[in-house]
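Since the structure comes first, as structure tokens, the remarks are kept for the end.
What follows is calculated from the coordinates using simple rules that are stated; it is not laboratory data. Everything numeric here is computed off the predicted structure, so don't read it as measured data. Cβ placement follows ideal geometry from the backbone for every residue including glycine, while neighbour counts extend to all protein chains displayed.
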Amino acid sequence: MSTSPIKHVAITGGTHGNELTGVHLLKHWRNNPEEICRDGLVTELHLANPKANGCNRRYLDQDLNRQFSWDDLSDHSLCGYEQNRAKSLNTLLGPKDAPRVDFIIDLHTTTANMGTTLVIKSDDALVVGMAFYIKQQMPEVTLFYEPEDRLGDNFLISLAKHHGLLVEVGPVPQGMLRWDVFDKTRQATRLGLDYLAAVRAGNQPELPASLPGFQFVEKLKLPENERGELTAMIHPDRQDTDYQPIQPGDPLFITLEGETLNYEGTETLYGAFINEAAYYDQHIGLSLMRKIDIQFSGY
């Protein structure tokens, strides 16, 4: 972990415009700033994709949360709305190669039955430590591990000096609020701020050397015909079974005619983002994950 003190923290919501939990938490915290004030921290609130939110759409031209790689931010021929919005956020929070903001907590929801999931995109001790601390206080939390080089990562959280943490809570339909999802997101975010304030004050919480989690392996597309039309959907035995094992030969998809298509892999893996509505534009049915122990390197 860098020896420079943590000071500037950004909380972002509405990166996907129809994920309303983060949008309304930002409104709540603007009216109740004492919830997110911590000694020594300057906490900013940013609605990431206001136009998409105004239209209650995930995005207008491109998925905003895929536009933040260094190469894309530097490519001025990419001029769709979300591509330009990413460049504006890079100016506001970055620039990516020398960020103004130390840490970003980005708030998301999913239509999949994933509960409270923390997406860890970095091995930075501050990121892993925050995820571990939140899980200590909220044992039901699942840790989703997908580390990437910060400059190459295309997620919004990669604009911050220490990367950041993505809070993903579901299930909730797009364009809708649910209290349980709202409250779990609020709890996780407030605990994350508690953690950063404690680290800044030199009161680092005691954390285990490792915790169980899941590492991303690959995305599986829904079956299509030669014209690219869907021919099958998630099998009912697989629906809502995020983070449960998928063994070779288990039912995976079911065709429009009712024929079961089984998992053809040779390794027992685990599903996430199962039947995620936001991924239907790419016909992605689920992500496959491998159960692992995530390591915390210490302060």
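Quick one: which residues, 5+ away or cross-chain, put their amide H under 5 Å from the amide H of residue 285? H built at 1.01 Å from N.
So residue 285 has HN proximity to 220, 221, 222.
Once amide H atoms are placed 1.01 Å from N in the peptide plane, what residues at a sequence separation of 5 or more from residue 261, or on another chain, have their amide H within under 5 Å of its amide H?
For residue 261, the qualifying residues are 252, 253, 254, 255.
Across segment 219-228, in residue order, what do the Karplus-derived ³J(HN,Hα) couplings come to in whole Hz, using 6.51 cos²θ - 1.76 cosθ + 1.60 with θ = phi - 60° and x for Gly and Pro?
9, 10, 7, 5, x, 10, 8, 5, 8, x
Sum up the charges of everything whose Cβ sits under 13 Å from the Cβ of residue 215, counting Lys and Arg as +1 and Asp and Glu as -1, but leave residue 215 out.
Net local charge, residue 215 excluded: -3.
Can you classify segment 55-167 as rounded, prolate or oblate using the Cα gyration tensor, where a ≥ b ≥ c are the square roots of its eigenvalues, rounded means a/c under 1.5, and otherwise it's prolate if a/b beats b/c and oblate if not?
oblate
Looking at segment 186-278, which trypsin sites (Lys or Arg not before Pro) are DSSP coil and have at most 13 other C-beta atoms within 10 Å of their C-beta?
When the trypsin sites (Lys or Arg not before Pro) of segment 186-278 are filtered for loop state and at most 13 Cβ neighbours within 10 Å, 227 remain.
Mean Kyte-Doolittle of at least 0.0 and a Cα length of 20 Å or more along the axis: which whole DSSP H helices of the chain meet both? Don't skip to the end; give the middle numbers.
Numbers: long enough: 179-200 (31 Å, -0.34).
Counting only whole DSSP H runs, no helix qualifies.
I'd like to compare 66-76, 162-172: which one has the highest average count of other Cβ atoms within 10 Å, and what's the full order after that?
Details: 66-76: 16.8, 162-172: 24.8.
Ranked from most to least packed, the peptides come out as 162-172, 66-76.
Please name which of 232, 176, 160 has its Cα lying farthest along the dipole of the chain towards the positive end, using unit charges on Cβ (Lys, Arg +1; Asp, Glu -1) and the Cα centre as origin.
Sorting the options by dipole projection puts first 160.
Dipole size in debye (nearest 20) for segment 1-155 around its Cα centre, Lys and Arg Cβ +1, Asp and Glu Cβ -1?
480 debye
Taking amide H positions as placed in the peptide plane 1.01 Å from N, state which residues far from residue 120 in sequence (5 or more) or on other chains have amide H under 5 Å from it.
144, 145, 146
Among 29, 215, 133, whose Cα sits farthest toward the positive end of the charge dipole of the chain (+1 at Cβ of Lys/Arg, -1 at Cβ of Asp/Glu, about the Cα centre)?
Of the options given, the answer is 29.
Do the sum for the chain: with -39,500 (n - 2.57) for every DSSP H run of n ≥ 4, divided by all residues, what is the mean residue ellipticity at 222 nm, to the nearest 500 deg cm²/dmol?
-7000 deg cm²/dmol
Expected output is a single nm value to one decimal: the length gained when fully extending between residue 201 and residue 35, i.e. 0.36 nm times separation in residues minus the C-alpha distance. What is it?
Here the answer is 57.9 nm.
Using the Cα centre of segment 185-273 as the reference point, and only Cβ charges (+1 on K/R, -1 on D/E), how large is the resulting charge dipole? Debye, rounded to the nearest 20. Write out the running numbers ahead of the final one.
On the way: 7 positive and 14 negative charges, 144 e Å.
It works out to roughly 700 debye.
Using a basic spin-label model with each label point 7 Å from the Cα along Cα→Cβ, how many nm lie between residue 57 and residue 233?
According to this spin-label approximation, the distance is 2.5 nm.
Explain nothing, just the number: dipole magnitude of the chain about its Cα centre with +1 on each Lys and Arg Cβ and -1 on each Asp and Glu Cβ, in debye rounded to the nearest 20.
About 1160 debye.
For segment 30-79, just say rounded, prolate or oblate: build the C-alpha gyration tensor, square-root its eigenvalues into a ≥ b ≥ c, call rounded for a/c under 1.5, and beyond that prolate if a/b exceeds b/c, oblate if not. Provide the component values of the computation, followed by the final result.
On the way: a/c = 4.15, a/b = 1.66, b/c = 2.50.
The shape class here is oblate.
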